[in-house]
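Colleague: Sharing a structure with you now.
Throughout, read-outs are computed from the coordinates displayed, never taken from laboratory work. These numbers come from a predicted model, not from an experiment. In this analysis, Cβ positions are derived from the backbone assuming ideal geometry, glycine residues included, and neighbour counts consider all displayed protein chains.
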Amino acid sequence: MNSSYGSKKGSEPPFRTYQAFVWALNKYFTSFKEELTTIERELICNDETVTLSSVLERLSPHLAQIKVLHKVFCTGVAEVPPQTPNVVRASHLLNTLYKAIIEYDSVGEASEQAVALLFSLWTETVRPYLEIVDEWIVHGHLFDPAKEFIIQRNKDVPVNHRDFWYATYTLYSVSETVENEEKLNDAASGSSGGEGSSNRQLTMVSFLKPVLKQIIMAGKSMQLLKNLDCKEAEQSDRSSRDAERKSLYTLFLESVQSRLCSQESSPTDTVTEQQATRRSLVKMHSIVAQHLEIDDVHDPLLAINFARLYLEQSDFHERFSGGNVIVDRSSQSVTCQTFELTLRSCLYPHIERRYIECCGNLMKTLKKDYKLLEYLQAMRNYFLLEAGDTMYDFYTAIFDKVQEKESWQQLSFLNVQLQEAVGQRCPEDSSRLSIFLETIDPARKKHPVNNLEVLTLSYKVPWPVDIVISSECQKIYNQVFLLLLQIKWAKYSLDTLRFSGKINHLTTSEPVNQQIHRMCLLRVKLMHFVNSLHNYIMTRILHSTGLEFQHQVQEAKDLDQLIKIHYRYLATIHDRCLLREKVSFVKEAIMKVLNLVLIFSDRWQAGFGAWKIESIDKMESDFKNCHMFLVTILNKAVCRGSFPHLESLALSLMAGFEQC
C-alpha cells in the first residue's frame, strides 16, 4: 500500500483543496481528542462521581458537531465517484460547505454553533482556492498543478498571440445533478457567470460567482502586463512591494476578525440582527434533521474513506501548519449575519480593489506606452476617411484614372498612390498601410459602382493592440470604407462635370435645349441625393458616433470593456450605414442610384452625340422610382421609431423629392 501510494504521489500533484479539508478536520478532531483526554484524567483522579449520563451530556455538543461533519463528509467527499476530475471534486466540496452554512445560517441563533463550526471548516478548505486566485491576480501566474480551479490555462496559446485574450482560459462549470464537466468560453462566462440549459442546473464554486468576472479580468490583465512590462526598475520596485504585501487569504481572515470584533462591540445591533434572522423552531428542526439524520447501521466504509483521504493527502501538515491566521470559533457571532454578507464585506472588496488596480494599470500601459488611442484614431482616419485631405489624394487618383478610361486595378499603382498620400502627412503610418486586390463575381462587374469592391485596405496593427483591433474588426472597417469610396466616387463624378465644353458646338433648336435642360435638372437632382447621403454618413453617423466612441474609450475600466466598446462602435456604424443584411434592400436601392450617377456622368462626358431621348427618359424614370422607394421606406421606418437615426436622411431626401 505504501509503495503504491508513493508512486501515485510521485506521479500526481497534490490535491490542495482536499489537503486543506483534511487539515481542518484534523484540527477539529485534535481538539475533540483533547476534550476526551481531559474527561479521562478526571475519571482517573476520582475526585468526584462521574456518570455515563453526565459524560454524554458533556459530549453532546461535540457529538452534534461530529454529525454535521459526517454529513458534510458524506455529501462532499465520500459520495463523489472515484474517477471524478479534481475541478469537480473541489467545486462540489466547497459548494457543499457553502450550502450547509447558508441553510444553517438561515435558521438563526439556534444553530450558531453549527454555523461557527462549518464556517471554520470552510475558511480552512477554501484557502488553496484563494491562494490560486491571489497568485493569478497578483503575479499573472495561474498555478494549479492538480487542475482543481474552475479556470484553467490553455497553454497552446502564447501570451504574445493576438488570440490570447479570447482563447487562453477555459471556465469549468459543474453540474450538481449529473456528475460531469462543462466547458464554457471564458469571455462569455466572465460576463454571464455561466448559465446552463433549463433542464440541467449548472453551477460553479458559488462563493466566487459575484466576482468571477473581476477575477478573470484581473488575472488576464496581470499576465498580459507581466509580458509587456520589462523595465528592471519597475520589477525591483514591484518585488519590494510584494515582500510587504499580505495574501488575499490573510486579508480575508483579518477582515472577518475585524467584522466579528465590531459586532461584539455593538451588542444592540447584534441582537437586532439576530432577531431579524431568527426562524421558527419547526423549520430549524427540519433543516437539522435533513443534515444530521444518520442511520443506526454502522458504516465502516466511511472510516476507510476518511483514512484513505488522510493518507493520500499526508503531506498536508507541512503545507498548512505554518503561519495560520485562526478565526475565533468561540465567538457565536461567526453566524455571519448572513454568510453572503460576510463574503461581500470581507472578501469581495479585496478582489475588487485588485481588479481595479490591475486593469487600470493595463489600460494606462496600452494607452501610454503602446499608443492604443493613436491606432484607433488611425483606423478612423484611413478606413472612415476622417483624414480627408490625405485620403482625398488617394481616391481621386483612382477616380481620375477611371474617367480617363485608363487601367487602375494594379497593385503597384494603388500602393504608390497610397504611400504618397499618407507619407506626406503621416509618414509613420505609410509603412503600415497597404492595398490588396480581391476577385469579385464577374456578373457584378456590369455595374460600374461594384468595380471598387476589388479593393481591400489593410493596416498592420502591432501586438498587443491587435487584441482590440483584430482582423475581424478590419473586415467591418473595410465594408464601411468600400461604401464611403462608392459614395465619394459618385460625388466626385458629379462635382467634376463641366458645361462649356459639351454645349458650345450645339445648335439652339428647341428639342436640343430641352435635352440639355433635362440633363442639367437630372444632374442637380442626383447631386442633391448624393450630397444628402454623403452628409448623413459623414456627419450624422461617423462623426457623432465617433465622438461618443472616444468618450466611452476614456471611461473603459478594463480591456474586456474596451474590446466590447470597440465592437459595439463598429456594429453601430455598420448598422447605421445600412450594411446589415436585414436592410440590404435599402442598400441595393442606394447602389442603383450611385450606379445611375456613374452612368449619367459617363454619358455627360461622352458629349451630345451620345445623348438619346430614350436614355434620358430611362435615367429619369429609374432615379424617380428609387428615390420614391427610399423616401417611402425611410419615412415608414422613422414613423415606427425603429431607425431614429434615419430621420435626417429621410427628411433630406423628401425635400428633394418631386411630387408627380
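Colleague: Modelling each spin label as a point 7 Å along the Cα-to-Cβ direction, I'd like the residue 513/residue 58 distance in nm, to one decimal.
Modeller: It works out to 12.8 nm between the two label points.
Colleague: Tell me, in nm to one decimal, what length is gained between residue 405 and residue 341 on full extension, where the rule is 0.36 nm per residue of separation less the Cα-Cα distance?
Modeller: Gain in length upon complete extension: 15.5 nm.
Colleague: What is the spin-label model distance, in nm, from residue 602 to residue 617 if the labels are put 7 Å beyond Cα along the C-beta direction?
Modeller: Result for the modelled spin labels: 2.2 nm.
Colleague: Still on this structure: Describe numerically, in nm with one decimal, the distance between label points set 7 Å from Cα along Cα→Cβ at residue 364 and at residue 432.
Modeller: It works out to 2.4 nm between the two label points.
Colleague: Given 71/99; 460/491; 491/592; 155/371, which pairs have Cα atoms separated by over 22 Å?
Modeller: 460/491; 155/371
Colleague: Between residue 424 and residue 147, take the C-beta separation as r, use R0 = 41 Å, and let me know the FRET efficiency to the nearest 0.05.
Modeller: Once the sixth-power term is evaluated, E becomes 0.15.
Colleague: For the stretch 355-462, what is the convex hull (Cα atoms) projected area averaged across all directions, in square nanometres?
Modeller: One quarter of the hull surface, i.e. the mean projection, equals 8.9 nm².
Colleague: Now for a separate question. Need the full-extension length gain, residue 166 to residue 250, defined as separation in residues times 0.36 nm minus the C-alpha distance. One decimal, nm.
Modeller: Extra length available between residue 166 and residue 250 comes to 27.1 nm.
Colleague: Let me ask something else about it. If you stretched the chain out fully between residue 498 and residue 574, how much longer would it get, using 0.36 nm times the residue separation minus the C-alpha to C-alpha distance?
Modeller: 23.9 nm
Colleague: Amide H to amide H under 5 Å from residue 455: which residues, 5+ apart in sequence or cross-chain, H placed 1.01 Å off N in plane?
Modeller: 438
Colleague: Using 1/(1 + (r/R0)^6) with R0 = 22 angstrom and r between the beta carbons of residue 106 and residue 74, what's the FRET efficiency to the nearest 0.05?
Modeller: Computed FRET efficiency for residue 106 and residue 74 comes out at 0.55.
Colleague: For the stretch 370-656, what number results from the quotient of the Cα radius of gyration and 2.2 N^0.38 Å?
Modeller: So the stretch 370-656 has a normalised radius of gyration of 1.09.
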